[in-house]
1. Determine whether segment 5-13 contains at least one residue that is part of a helix (DSSP H, G or I) and in contact with a Gly (Cβ under 8 Å, 6 or more places away or on another chain).
2. Quick one: D90 ticks every box in (1) modelled with pLDDT of 95 or more; (2) surrounded by fewer than 17 Cβ atoms within 10 Å (Cβ to Cβ) except a single one, so which number is it?
3. Report yes if some residue within segment 326-333 is modelled with pLDDT of 85 or more, in a helix (DSSP H, G or I), of a type in the set (S, T, N, Q) and out of contact with any Leu (no Cβ under 7 Å at 6 or more places or on another chain); otherwise report no.
4. Scan segment 145-168 for residues that are hydroxyl-bearing (S, T, Y) and at pLDDT below 95 and jot them down.
5. If you scan segment 172-197, which residues turn out to be touching a residue at least 12 places away in the same chain (Cβ under 8 Å), more than 8 Å from the ligand (Cβ to nearest atom) and under 17 Å from the mean Cα position of the chain (by Cα)?
6. When residues of segment 22-56 are filtered for being away from the ligand (no atom under 16 Å from the Cβ), surrounded by 13 or more Cβ atoms within 10 Å (Cβ to Cβ) and not in a helix (DSSP H, G or I), how many remain?
7. Among the residues of segment 191-211, are any outside any helix (DSSP H, G or I), aliphatic (A, V, I, L, M), more than 30 Å from D90 (Cβ to Cβ) and at pLDDT below 95?
8. Any residue at all in segment 57-79 that's within 16 Å of the ligand (Cβ to nearest atom), buried (at least 16 other Cβ atoms within 10 Å of the Cβ), aromatic (F, W, Y) and over 16 Å from the mean Cα position of the chain (by Cα)?
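The values are calculated or read from the model by the stated rules, or taken from the named source; none is laboratory data. Everything quoted here is computed from the prediction, not taken from an experiment. No Cβ is skipped: glycine too gets one built from the backbone with ideal geometry, and neighbour counts run over all protein chains shown.
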Amino acid sequence: MPDPREHSVISPSSLNCMRLCPCFRGGLSSDVAETGERIHGYFANLIKGEPLPKDADLDEVGQAEWAVSTLNNFMSQTDMHVEEQLYLIDDNTFEEIMWGYADVFGMTPRASGNIMVLADLKTGEPRDCTAQMAAYARMLCQKYDCRRVEVHVLYSRYKKDETYTLNLGDTEIIFDIIKKAQKEDRQPNFCEYCGWCSLQSTCPQTQAIITSVTKAENYDITGVGIVDWEIENANPDKLGQMYLALSWLESFADRVKSQIKQKVQDGMEISGFKRVTTTKRSIKDLPAAFTASGLSSEDFLDCCSISVTKLQKKLGRDTVDSTLGNLITTTEVVQLRRVGE
Ligand code: SF4
(Lines give C-alpha, C1' and ligand atoms only; values in the text may rest on other atoms or scores of the structure.)
Protein backbone atom coordinates (compact mmCIF):
# COMPACT_ATOMS: atom_id res chain seq x y z
CA MET A 1 0.00 0.00 0.00
CA PRO A 2 1.39 3.47 -0.87
CA ASP A 3 2.39 5.97 1.80
CA PRO A 4 -0.48 8.13 3.03
CA ARG A 5 -0.66 11.47 1.12
CA GLU A 6 1.80 10.26 -1.54
CA HIS A 7 0.41 10.85 -5.01
CA SER A 8 0.42 8.20 -7.72
CA VAL A 9 2.09 9.29 -11.01
CA ILE A 10 -1.32 9.19 -12.63
CA SER A 11 -3.70 10.69 -10.08
CA PRO A 12 -7.36 11.77 -10.35
CA SER A 13 -6.40 15.46 -10.49
CA SER A 14 -3.67 14.89 -13.10
CA LEU A 15 -6.27 13.30 -15.40
CA ASN A 16 -7.74 16.77 -16.06
CA CYS A 17 -4.35 17.81 -17.44
CA MET A 18 -3.53 14.49 -19.13
CA ARG A 19 -6.73 14.83 -21.07
CA LEU A 20 -5.00 17.67 -22.93
CA CYS A 21 -1.40 16.42 -22.73
CA PRO A 22 -0.68 12.71 -22.14
CA CYS A 23 2.88 13.57 -20.99
CA PHE A 24 1.79 15.94 -18.18
CA ARG A 25 3.44 15.35 -14.83
CA GLY A 26 2.32 17.14 -11.65
CA GLY A 27 4.32 17.94 -8.55
CA LEU A 28 5.29 21.54 -9.33
CA SER A 29 4.94 23.65 -6.18
CA SER A 30 3.62 27.22 -6.35
CA ASP A 31 2.14 29.88 -4.06
CA VAL A 32 -1.28 29.19 -5.60
CA ALA A 33 -0.99 25.47 -4.83
CA GLU A 34 0.08 26.21 -1.24
CA THR A 35 -2.91 28.55 -0.77
CA GLY A 36 -5.19 25.79 -2.09
CA GLU A 37 -3.69 23.28 0.33
CA ARG A 38 -4.22 25.65 3.26
CA ILE A 39 -7.89 26.27 2.38
CA HIS A 40 -8.42 22.52 1.97
CA GLY A 41 -6.89 22.07 5.44
CA TYR A 42 -9.32 24.62 6.98
CA PHE A 43 -12.21 22.96 5.09
CA ALA A 44 -11.33 19.58 6.64
CA ASN A 45 -10.78 21.17 10.09
CA LEU A 46 -14.21 22.82 10.01
CA ILE A 47 -16.02 19.66 8.92
CA LYS A 48 -14.32 17.64 11.66
CA GLY A 49 -14.92 20.38 14.26
CA GLU A 50 -11.17 20.83 14.79
CA PRO A 51 -9.66 24.23 15.70
CA LEU A 52 -8.17 26.41 12.96
CA PRO A 53 -4.61 27.73 13.19
CA LYS A 54 -4.51 31.06 15.08
CA ASP A 55 -2.73 32.84 12.21
CA ALA A 56 -5.19 31.62 9.54
CA ASP A 57 -5.97 34.21 6.87
CA LEU A 58 -9.57 35.42 7.26
CA ASP A 59 -10.34 35.43 3.54
CA GLU A 60 -9.06 31.85 3.23
CA VAL A 61 -11.11 30.80 6.27
CA GLY A 62 -14.14 32.58 4.73
CA GLN A 63 -13.78 30.45 1.58
CA ALA A 64 -13.60 27.25 3.66
CA GLU A 65 -16.63 28.34 5.73
CA TRP A 66 -18.67 29.02 2.59
CA ALA A 67 -17.78 25.53 1.28
CA VAL A 68 -18.80 23.85 4.55
CA SER A 69 -22.13 25.68 4.79
CA THR A 70 -22.88 24.84 1.13
CA LEU A 71 -21.93 21.20 1.77
CA ASN A 72 -24.33 21.03 4.71
CA ASN A 73 -27.18 21.98 2.35
CA PHE A 74 -26.86 18.88 0.18
CA MET A 75 -25.02 16.25 2.19
CA SER A 76 -25.98 14.06 5.11
CA GLN A 77 -23.77 14.67 8.13
CA THR A 78 -24.16 11.15 9.44
CA ASP A 79 -22.01 9.53 6.73
CA MET A 80 -19.33 12.04 5.79
CA HIS A 81 -15.92 10.73 4.76
CA VAL A 82 -13.27 13.46 4.67
CA GLU A 83 -10.02 13.23 2.66
CA GLU A 84 -10.27 9.46 2.50
CA GLN A 85 -7.93 7.53 0.24
CA LEU A 86 -9.64 5.74 -2.65
CA TYR A 87 -8.30 3.23 -5.17
CA LEU A 88 -9.06 2.54 -8.81
CA ILE A 89 -8.86 -1.18 -9.49
CA ASP A 90 -8.66 -2.83 -12.92
CA ASP A 91 -11.96 -4.72 -13.32
CA ASN A 92 -10.23 -7.61 -15.14
CA THR A 93 -6.85 -8.04 -13.47
CA PHE A 94 -7.83 -6.58 -10.07
CA GLU A 95 -4.57 -4.64 -10.13
CA GLU A 96 -4.40 -1.18 -8.62
CA ILE A 97 -4.31 1.49 -11.37
CA MET A 98 -4.13 4.62 -9.20
CA TRP A 99 -5.23 6.14 -5.95
CA GLY A 100 -6.30 9.57 -4.74
CA TYR A 101 -7.96 11.50 -1.95
CA ALA A 102 -11.56 12.63 -2.36
CA ASP A 103 -12.32 15.79 -0.38
CA VAL A 104 -15.69 14.62 1.01
CA PHE A 105 -18.14 11.86 0.11
CA GLY A 106 -20.98 9.93 1.70
CA MET A 107 -24.33 8.24 1.16
CA THR A 108 -27.14 10.78 1.36
CA PRO A 109 -30.89 10.21 1.33
CA ARG A 110 -32.83 11.73 -1.58
CA ALA A 111 -36.52 11.41 -2.52
CA SER A 112 -35.61 8.61 -4.96
CA GLY A 113 -33.51 6.72 -2.39
CA ASN A 114 -29.94 6.88 -1.07
CA ILE A 115 -27.29 8.23 -3.42
CA MET A 116 -23.51 8.53 -3.18
CA VAL A 117 -22.61 12.25 -3.01
CA LEU A 118 -19.12 13.57 -3.76
CA ALA A 119 -17.98 17.11 -3.01
CA ASP A 120 -14.71 18.56 -4.25
CA LEU A 121 -13.40 21.98 -3.20
CA LYS A 122 -11.70 24.10 -5.86
CA THR A 123 -9.96 27.27 -4.70
CA GLY A 124 -8.81 28.47 -8.12
CA GLU A 125 -10.41 29.35 -11.43
CA PRO A 126 -13.26 27.18 -12.78
CA ARG A 127 -11.82 24.56 -15.17
CA ASP A 128 -13.05 21.34 -16.70
CA CYS A 129 -12.46 18.76 -13.96
CA THR A 130 -14.88 16.09 -15.23
CA ALA A 131 -12.07 13.55 -15.65
CA GLN A 132 -11.00 13.92 -12.00
CA MET A 133 -14.61 13.65 -10.78
CA ALA A 134 -15.17 10.63 -13.05
CA ALA A 135 -12.13 8.94 -11.46
CA TYR A 136 -13.42 9.50 -7.92
CA ALA A 137 -16.91 8.44 -9.00
CA ARG A 138 -15.54 5.19 -10.48
CA MET A 139 -13.53 4.52 -7.31
CA LEU A 140 -16.65 5.10 -5.19
CA CYS A 141 -18.78 2.86 -7.43
CA GLN A 142 -16.18 0.10 -7.07
CA LYS A 143 -15.88 0.48 -3.30
CA TYR A 144 -19.56 0.95 -2.45
CA ASP A 145 -21.09 -1.08 -5.28
CA CYS A 146 -23.15 1.85 -6.60
CA ARG A 147 -23.83 2.97 -10.20
CA ARG A 148 -24.43 6.70 -9.83
CA VAL A 149 -22.68 9.56 -8.05
CA GLU A 150 -23.99 13.08 -7.45
CA VAL A 151 -21.03 15.45 -7.88
CA HIS A 152 -20.67 18.94 -6.38
CA VAL A 153 -17.65 21.01 -7.40
CA LEU A 154 -17.41 23.88 -4.92
CA TYR A 155 -15.59 26.92 -6.35
CA SER A 156 -14.93 28.79 -3.11
CA ARG A 157 -13.50 31.95 -4.69
CA TYR A 158 -16.66 32.42 -6.75
CA LYS A 159 -19.08 30.84 -4.26
CA LYS A 160 -20.38 28.57 -6.99
CA ASP A 161 -21.61 24.99 -6.60
CA GLU A 162 -21.42 23.15 -9.95
CA THR A 163 -23.61 20.07 -9.68
CA TYR A 164 -24.05 17.09 -11.98
CA THR A 165 -24.60 13.33 -11.85
CA LEU A 166 -22.14 10.77 -13.21
CA ASN A 167 -23.43 7.31 -14.10
CA LEU A 168 -21.06 4.35 -14.19
CA GLY A 169 -20.92 4.59 -18.01
CA ASP A 170 -19.83 8.27 -17.82
CA THR A 171 -16.75 7.28 -15.83
CA GLU A 172 -15.36 5.22 -18.76
CA ILE A 173 -13.66 8.41 -20.12
CA ILE A 174 -10.82 7.97 -17.63
CA PHE A 175 -9.60 4.71 -19.18
CA ASP A 176 -8.97 6.32 -22.55
CA ILE A 177 -6.95 9.11 -20.87
CA ILE A 178 -4.94 6.61 -18.81
CA LYS A 179 -4.28 4.42 -21.86
CA LYS A 180 -2.90 7.39 -23.84
CA ALA A 181 -0.79 8.56 -20.86
CA GLN A 182 0.78 5.10 -20.55
CA LYS A 183 1.70 4.72 -24.22
CA GLU A 184 5.45 4.50 -24.85
CA ASP A 185 5.20 6.78 -27.89
CA ARG A 186 2.99 9.46 -26.29
CA GLN A 187 3.74 12.99 -27.49
CA PRO A 188 3.58 16.21 -25.44
CA ASN A 189 0.90 18.68 -26.38
CA PHE A 190 1.37 22.37 -25.51
CA CYS A 191 -1.72 23.33 -23.47
CA GLU A 192 -3.10 25.44 -20.63
CA TYR A 193 -1.54 23.08 -18.09
CA CYS A 194 2.11 23.58 -19.14
CA GLY A 195 2.42 26.17 -16.35
CA TRP A 196 1.60 23.43 -13.79
CA CYS A 197 3.73 20.72 -15.34
CA SER A 198 6.97 19.63 -13.66
CA LEU A 199 8.44 18.88 -17.11
CA GLN A 200 7.99 22.46 -18.33
CA SER A 201 11.68 23.37 -18.23
CA THR A 202 12.80 20.44 -20.38
CA CYS A 203 9.76 19.71 -22.53
CA PRO A 204 10.39 20.07 -26.30
CA GLN A 205 7.00 21.79 -26.71
CA THR A 206 7.73 24.62 -24.25
CA GLN A 207 11.32 24.89 -25.51
CA ALA A 208 10.04 25.27 -29.08
CA ILE A 209 7.64 28.01 -28.03
CA ILE A 210 10.38 29.88 -26.18
CA THR A 211 12.70 29.61 -29.16
CA SER A 212 10.12 30.67 -31.72
CA VAL A 213 8.78 33.62 -29.69
CA THR A 214 12.33 34.65 -28.85
CA LYS A 215 13.19 34.71 -32.54
CA ALA A 216 10.02 36.59 -33.43
CA GLU A 217 10.77 39.22 -30.79
CA ASN A 218 14.45 39.42 -31.84
CA TYR A 219 15.85 38.49 -28.43
CA ASP A 220 19.33 37.11 -28.57
CA ILE A 221 19.63 34.08 -26.31
CA THR A 222 22.79 32.72 -27.89
CA GLY A 223 25.02 31.13 -25.29
CA VAL A 224 22.44 31.01 -22.54
CA GLY A 225 21.75 27.37 -23.25
CA ILE A 226 17.99 27.59 -22.74
CA VAL A 227 17.27 24.68 -25.01
CA ASP A 228 18.64 21.98 -22.74
CA TRP A 229 18.69 23.31 -19.21
CA GLU A 230 17.10 22.11 -16.01
CA ILE A 231 16.69 24.88 -13.45
CA GLU A 232 17.71 22.83 -10.42
CA ASN A 233 20.91 21.55 -12.03
CA ALA A 234 21.84 24.69 -13.95
CA ASN A 235 25.27 26.19 -13.55
CA PRO A 236 24.91 29.03 -10.96
CA ASP A 237 27.00 31.29 -13.24
CA LYS A 238 24.33 30.94 -15.90
CA LEU A 239 21.24 31.44 -13.69
CA GLY A 240 21.37 35.26 -13.88
CA GLN A 241 21.69 35.13 -17.66
CA MET A 242 18.81 32.67 -17.91
CA TYR A 243 16.57 34.86 -15.79
CA LEU A 244 17.30 37.95 -17.88
CA ALA A 245 16.79 36.01 -21.09
CA LEU A 246 13.42 34.71 -19.92
CA SER A 247 12.01 37.56 -17.85
CA TRP A 248 10.71 39.33 -20.94
CA LEU A 249 8.33 36.39 -21.43
CA GLU A 250 6.41 37.65 -18.42
CA SER A 251 5.91 41.08 -19.98
CA PHE A 252 5.05 39.41 -23.29
CA ALA A 253 2.33 37.41 -21.51
CA ASP A 254 1.09 40.60 -19.82
CA ARG A 255 0.78 42.29 -23.22
CA VAL A 256 -1.22 39.33 -24.55
CA LYS A 257 -3.42 39.39 -21.42
CA SER A 258 -4.18 43.07 -21.78
CA GLN A 259 -5.12 42.50 -25.45
CA ILE A 260 -7.50 39.71 -24.38
CA LYS A 261 -9.04 41.98 -21.72
CA GLN A 262 -9.50 44.80 -24.21
CA LYS A 263 -11.05 42.57 -26.87
CA VAL A 264 -13.40 40.87 -24.41
CA GLN A 265 -14.38 44.33 -23.14
CA ASP A 266 -15.13 45.34 -26.74
CA GLY A 267 -17.55 42.42 -26.94
CA MET A 268 -15.29 40.04 -28.88
CA GLU A 269 -15.22 36.33 -28.05
CA ILE A 270 -11.82 34.90 -27.10
CA SER A 271 -11.82 31.13 -26.88
CA GLY A 272 -11.31 29.90 -23.32
CA PHE A 273 -11.93 33.29 -21.66
CA LYS A 274 -14.92 35.25 -20.45
CA ARG A 275 -15.38 38.49 -18.61
CA VAL A 276 -16.30 38.19 -14.93
CA THR A 277 -16.95 40.93 -12.42
CA THR A 278 -15.89 40.37 -8.85
CA THR A 279 -16.51 42.65 -5.90
CA LYS A 280 -14.14 43.96 -3.30
CA ARG A 281 -15.51 45.42 -0.07
CA SER A 282 -13.95 48.35 1.70
CA ILE A 283 -15.01 50.86 4.37
CA LYS A 284 -15.71 54.28 2.87
CA ASP A 285 -16.11 56.21 6.13
CA LEU A 286 -13.79 54.92 8.87
CA PRO A 287 -14.96 57.20 11.74
CA ALA A 288 -18.63 56.34 11.02
CA ALA A 289 -17.76 52.64 10.83
CA PHE A 290 -15.97 52.86 14.18
CA THR A 291 -19.02 54.42 15.84
CA ALA A 292 -21.43 51.96 14.18
CA SER A 293 -19.32 48.91 15.08
CA GLY A 294 -19.60 49.52 18.83
CA LEU A 295 -16.07 48.09 19.23
CA SER A 296 -13.45 49.49 21.58
CA SER A 297 -10.78 51.55 19.81
CA GLU A 298 -8.22 48.74 20.45
CA ASP A 299 -10.48 46.10 18.87
CA PHE A 300 -11.37 48.36 15.93
CA LEU A 301 -7.71 49.25 15.28
CA ASP A 302 -6.92 45.54 15.41
CA CYS A 303 -8.98 45.21 12.20
CA CYS A 304 -7.14 48.05 10.43
CA SER A 305 -3.74 48.27 8.83
CA ILE A 306 -1.70 51.47 8.83
CA SER A 307 0.66 52.57 6.07
CA VAL A 308 3.83 54.04 7.59
CA THR A 309 4.48 55.90 4.31
CA LYS A 310 1.05 57.60 4.47
CA LEU A 311 1.61 58.41 8.13
CA GLN A 312 4.91 60.04 7.23
CA LYS A 313 3.15 62.14 4.59
CA LYS A 314 0.63 63.41 7.17
CA LEU A 315 3.02 63.98 10.07
CA GLY A 316 6.37 64.50 8.38
CA ARG A 317 9.22 62.03 8.59
CA ASP A 318 10.93 63.70 11.57
CA THR A 319 7.77 63.65 13.69
CA VAL A 320 7.17 59.99 12.89
CA ASP A 321 10.78 59.11 13.72
CA SER A 322 10.86 61.07 16.98
CA THR A 323 7.42 60.23 18.37
CA LEU A 324 6.57 56.84 16.86
CA GLY A 325 10.04 55.53 16.00
CA ASN A 326 10.21 52.95 18.77
CA LEU A 327 6.69 51.71 17.94
CA ILE A 328 7.56 50.88 14.33
CA THR A 329 8.99 47.44 13.68
CA THR A 330 11.31 46.79 10.79
CA THR A 331 11.39 43.43 9.05
CA GLU A 332 13.83 42.28 6.40
CA VAL A 333 12.44 41.83 2.90
CA VAL A 334 14.62 39.95 0.44
CA GLN A 335 14.42 41.32 -3.09
CA LEU A 336 16.22 40.51 -6.30
CA ARG A 337 17.92 43.52 -7.82
CA ARG A 338 20.34 43.76 -10.71
CA VAL A 339 23.89 44.73 -9.83
CA GLY A 340 24.35 48.46 -10.44
CA GLU A 341 20.68 49.39 -9.89
S1 SF4 B 1 5.16 21.11 -20.47
FE2 SF4 B 1 5.20 19.56 -22.08
S3 SF4 B 1 4.71 17.66 -21.01
FE4 SF4 B 1 4.09 19.32 -19.69
S5 SF4 B 1 1.93 19.71 -20.17
FE6 SF4 B 1 3.16 21.09 -21.43
S7 SF4 B 1 3.45 20.00 -23.35
FE8 SF4 B 1 2.81 18.51 -21.84
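1. Looking for residues that are part of a helix (DSSP H, G or I) and in contact with a Gly (Cβ under 8 Å, 6 or more places away or on another chain), one finds at least one in segment 5-13, hence yes.
2. Of the numbered conditions (1) modelled with pLDDT of 95 or more; (2) surrounded by fewer than 17 Cβ atoms within 10 Å (Cβ to Cβ), the odd one out for D90 is (1).
3. yes
4. The one that is hydroxyl-bearing (S, T, Y) and at pLDDT below 95: Y158.
5. Residue satisfying the conditions is E192 alone.
6. Adding up the residues that qualify gives 2.
7. no
8. Among the residues of segment 57-79, not one is within 16 Å of the ligand (Cβ to nearest atom), buried (at least 16 other Cβ atoms within 10 Å of the Cβ), aromatic (F, W, Y) and over 16 Å from the mean Cα position of the chain (by Cα), which makes the answer no.
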